[in-house]
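Input: a single structure, listed below in structure tokens.
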Amino acid sequence: MNAYIETFGCQMNERDSEILAHLLGRAAYQQTSTIDDADLVLINTCSIRGKAEQKAMSLLGRLAIRKKKEPRLKIVVAGCVAQQEGQRIIDRVPQTDLVIGPQEIYRLPEYLDKVVRSGKSLVANDLVDRFKIPDLGHVSPAPAASRFLTIMQGCNNFCTYCIVPYTRGRETSRPVADITAEARKMIDSGTSEITLLGQNVNSYGLDRGEENAFPTLLRRVASLPGLRRLRFTTSNPKDLSPTLMACFRDLDNLCPWFHLPVQSGSDRVLRRMNRKYSRREYLDRVAGLRDACPEIAITTDIIVGFPGEEEPDFADTMRLVQTVGYHSAYSFKYSPRPGTVAAGFDGMIEEEEKSRRLALLQSRQNEITLAVNRGYEGGEVEVLVEGTGRDPGQWRGHSRHNVVVNFTADAPVAVGDYCRVRVVQGCMNSLRGEKI
């Protein structure tokens, strides 16, 4: 039997999909890259923004039509929308066989067996405060030069716009021994770059009362022989400590890239968002990072059109973007998420106005990003090769600063190689160069 997985959302979902693929293999399903060949389709959903949720539900609707013609097709909905909607998904699309939340995915084979034996749809979306991420030592990583590794799950911050605490539960950190064992297994299988994942990696270990646990973990993982690059994401600025900043100064294989979501440059909006830091505190942390690692590339997330955001608030965000000079930014229009505090706020912004602000922000950030990328011209970067580029004879990969690099090479190149590339052009979304 063949299984196909469609993943929406963040890197956490991408890693969850890898685990789900392994678990489906234990249930006698082989992975297929073609949805039409699948006997089982699993949709791993995201509810952070309305657009991702709409895409997932649209796919589910198409699958429901297909299942009327192919009754043996199994349809599974996993992830944050599954947690958020539960039984409502089956009520809306009765052809759905299994709805399974983020804490329940590790029991996928068991639930699939129940569905097959009973012939009835099943919802498995229990959410507990004291959830323990199972030991993933049995999950054999597929050979890949770059891999994600989940170190924690859940969030305790309760930003007023965010659904994550309600869909992934409270913060729970994996034991250091489990993380390092999984990292060791990845390295032994050929991985040379690992990205540590969590909703807020800076607070790793706080659920166990351990201060500075994340910098300690970083140093442990960085010391593993064979690991050439180490990254992590995502971070909340309020938990960024000097001890963590020092890791960028001390660890040679910790890549000089930091994704530090700001969301808004206005103190008034930050308070309404419940972000627990001020504009000044954010800028102080940016300065601390650059003091520890002058070459560090800082990227961010920004929401425009948050309820009550007035023109001076938006202007504060535009000025902050200019001040920091982000390498790049993910920016979005605010969309109300069910169950969040902000969904009940007054001062909702008209869609047309949100679009106007987003266009202004993205235009300015594009100018900054292009200037940053042109600053690489004439220099050299190290690229981890990830595949071929769009043009014939071209290869593609990421630099240590997490910038996409497309380059040509006279000598043979293979995925997983590290190449020194001379940058000949800085473009809007990438660098172009020649292998040295």
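The figures follow:
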| read-out | value |
| --- | --- |
| Additional length obtainable on full extension of the chain from residue 216 to residue 115, 0.36 nm per residue less Cα span | 32.0 nm |
| Two-site label geometry, residue 11 and residue 87: point separation in nm, points 7 Å out along Cα→Cβ | 3.8 |
| Full-stretch length increase - residue 341, residue 391 - with 0.36 nm per residue and alpha-carbon distance subtracted | 13.3 nm |
| The chain, relative contact order in percent, only Cα pairs under 8 angstrom and at least six apart counted | 10 |
| Residues of type lysines that residue 69 reaches as a straight line, Cα spacing below 22 Å, ignoring anything fewer than 8 places off in the same chain | 120 |
| For the stretch 146-374: lysine pairs under 26 Å (alpha-carbon distance), excluding those fewer than 8 apart on one chain | 5 |
| At 0.890 mPa s and 25 °C, Stokes D of the stretch 211-366 from Kirkwood alpha-carbon radius, µm² per second | 146 |
| Separation between Cα centres of the stretch 329-395 and the stretch 62-92, rounded to whole Å | 31 |
| Proximal aspartates and glutamates relative to residue 51, as straight alpha-carbon distance under 19 Å, when same-chain residues fewer than 8 apart are discounted | 6, 14, 85, 301, 350, 351, 352, 353 |
| Ranking of 332, 158 by count of other Cβ atoms within 10 Å, fewest first | 158, 332 |
| Highest-first arrangement of 256-268, 389-401, 46-58, where packing means the average Cβ count within 10 Å | 256-268, 46-58, 389-401 |
| Highest-first arrangement of 206-212, 336-342, where packing means the average Cβ count within 10 Å | 336-342, 206-212 |
| Sites residue 276 and residue 429 - FRET efficiency at Förster radius 45 Å, r taken between beta-carbons, to 0.05 | 0.90 |
| Identified option (computed Rg and Dmax of the Cα atoms in Å; candidates (1) 22.2, 65; (2) 22.1, 70; (3) 27.6, 82) | (1) |
| In nm, spacing of pseudo-spin labels at residue 246 and residue 322 (7 Å Cα→C-beta vector) | 3.7 |
| Stretch gain in nm, segment residue 181-residue 132, where the contour uses 0.36 nm per residue and the Cα spacing is subtracted | 16.0 nm |
| MRE, 222 nm, helices only [DSSP H, n ≥ 4, -39500 (n - 2.57), over the chain, to nearest 500] | -11000 deg cm²/dmol |
| Shape of the stretch 380-435, Cα gyration tensor, a/c cut at 1.5 | rounded |
| Computed FRET value (nearest 0.05) for residue 291 with residue 33, which takes r as the C-beta separation and R₀ as 41 Å | 0.35 |
| Derived scalar couplings ³J(HN,Hα) [the stretch 153-162; Karplus, 6.51 cos²θ - 1.76 cosθ + 1.60; whole Hz; x for Gly, Pro] | 9, x, 8, 10, 7, 6, 4, 5, 9, 9 |
| Peptide ranges 67-73, 151-157, 371-377 listed from the most packed, as the mean C-beta count within 10 angstrom indicates | 151-157, 371-377, 67-73 |
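Only the coordinates and a few stated rules stand behind these numbers; no lab work does. Bear in mind the structure is a predicted one, so any value in this text is a computation, not a measurement. Note that each Cβ is placed from the backbone with ideal geometry, even for glycine, and that neighbours are counted across all protein chains shown.
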